[in-house]
Amino acid sequence: MNVPYIVRSFIMNMRELEGLEEGIKSLKCEMEKERFIIKWKWTEGCDIVYIFKSKALDDIGIEAITKQNTKIFTREEYAEFNGYTESIREINQYKVMIFKGEQINGELTLVKQQDGENEVIVCTGKPNIFYKIIEHKSLFSKSKKINMRIMCDAPLKKEVLCYVKKHGNYPTSKDDGIRFDFIGDFNPGINEMPGIEISRDEFVKIFIKDINRYGSAYNLREL
């Protein structure tokens, strides 16, 4: 179950992590049947932290942190639950960031730490992406119509995939032909793409656009 957290009514205050000041570090994530547990090394004198969670592929940084999208978690709760725990509700990848909290002039303040030591990627599963390309040919036509059907387990940003057109044979990679971007994001389930018309001797396949960034995050398969 989710750990309770303190609801705040005051404005978020922040300050930078200074000089040799020690921040949160040694984050790790442990997976259980229906939940994940995050553990970390507390700094001396720190009894409270802010927890910020975002989708791992969204490139959301510290500038997006507000009092509405963070949780406060205490050292006492950490000891009670042996870490910070959340239920797994969907297949996805998240980035969790932990920040020290401290009282300054009576106000609880978030200590901005941007060295990466206070971050961990939580993978609750690797979403599948299946696609099917359907060709419609007329006997004497010099062109053919292509329909692409994309099926995914989780919401998918349009930047994850691309399709490639090649003359004479099917492309073997995203760089083996003319690459095109998709115009919209994909919803869980079946996504039917608008039909396109290509030459009769051209062929199309779908690829992950950025292998370094997305290659380990999804399973892409052709049906």
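The numbers here are math on the coordinates, done by the rules we state, and not lab data. Predicted model, so just to flag it, every value in this text is computed and none were measured. Neighbour counts run over all protein chains shown; Cβ positions are idealised from the backbone, glycine included.
Sequence-distant contacts, meaning Cα pairs under 8 Å at least 6 residues apart, place the relative contact order of the chain at 19 percent.
Note on the chain: Rg/Rh from Cα positions, Kirkwood definition for Rh, rounded to two decimals, is 1.13.
GLU34 to LYS126: FRET efficiency via 1/(1 + (r/R0)^6), r the Cβ-Cβ distance, R0 22 Å, to the nearest 0.05? The value I calculate is 0.80. Helical content of the chain, expressed as a calculated mean residue ellipticity at 222 nm, amounts to -1000 deg cm²/dmol (DSSP H runs of 4 or more residues, -39,500 (n - 2.57) each, divided by residue number, nearest 500). For region 177-213, backbone nitrogen atoms closer than 20 Å to the point 7 Å from LYS137 Cα along Cα-to-C-beta are found at 195-206.
Once the Cβ-Cβ distance of LYS25 and ARG221 is raised to the sixth power relative to R0 = 25 Å, the FRET efficiency obtained is 0.05.
With R₀ set to 35 Å, the beta-carbon distance separating GLU119 from ASP175 gives a calculated FRET efficiency near 0.65.
In the calculated pair distance distribution of region 131-223, what percentage of Cα-Cα distances lie above 19 Å? Each step should come with its number before you reach the end.
Numbers: 1688 of 4278 pairs.
Roughly 39 percent, rounded to a whole number.
Any idea what the relative contact order of region 1-118 is, in percent, if you count C-alpha pairs under 8 Å spaced at least 6 apart?
Working: 201 pairs, mean separation 45.8, N = 118.
Relative contact order of region 1-118: 39 percent.
With N residues in region 29-149, what two-decimal value do you get for its Cα radius of gyration over 2.2 N^0.38 Å? Intermediate values should be presented prior to the final figure.
Values: Rg = 22.1 Å, N = 121, 2.2 N^0.38 = 13.6 Å.
Here the answer is 1.62, to two decimals.
The alpha carbon radius of gyration of region 99-145, expressed as a multiple of 2.2 N^0.38 Å, is 2.88. Computed from backbone phi, the HN-Hα couplings of region 131-138 come to 9, 9, 10, 10, 9, 10, 10, 9 Hz, rounded to whole numbers (Karplus: 6.51 cos²θ - 1.76 cosθ + 1.60, θ = phi - 60°; Gly and Pro given as x). Beyond a 30 Å Cα-Cα separation, which of these cross-linked pairs lie in this structure: LYS53/LYS166; LYS33/LYS132; LYS95/LYS209; LYS41/LYS157; LYS53/LYS158; LYS144/LYS209? Pairs exceeding 30 Å: LYS53/LYS166; LYS33/LYS132; LYS41/LYS157. Our summary of shape: the Cα atoms of region 145-196 have principal axis extents of 33, 22, 17 Å, ordered from largest down, in whole angstrom. Spin-label model, MET151/THR66: points 7 Å from Cα along the beta carbon direction are separated by 3.8 nm. Protection proxy ranking of 24-31, 166-173, 136-143, by the mean of other Cβ atoms within 10 Å over each peptide's residues and highest first, is 24-31, 166-173, 136-143.
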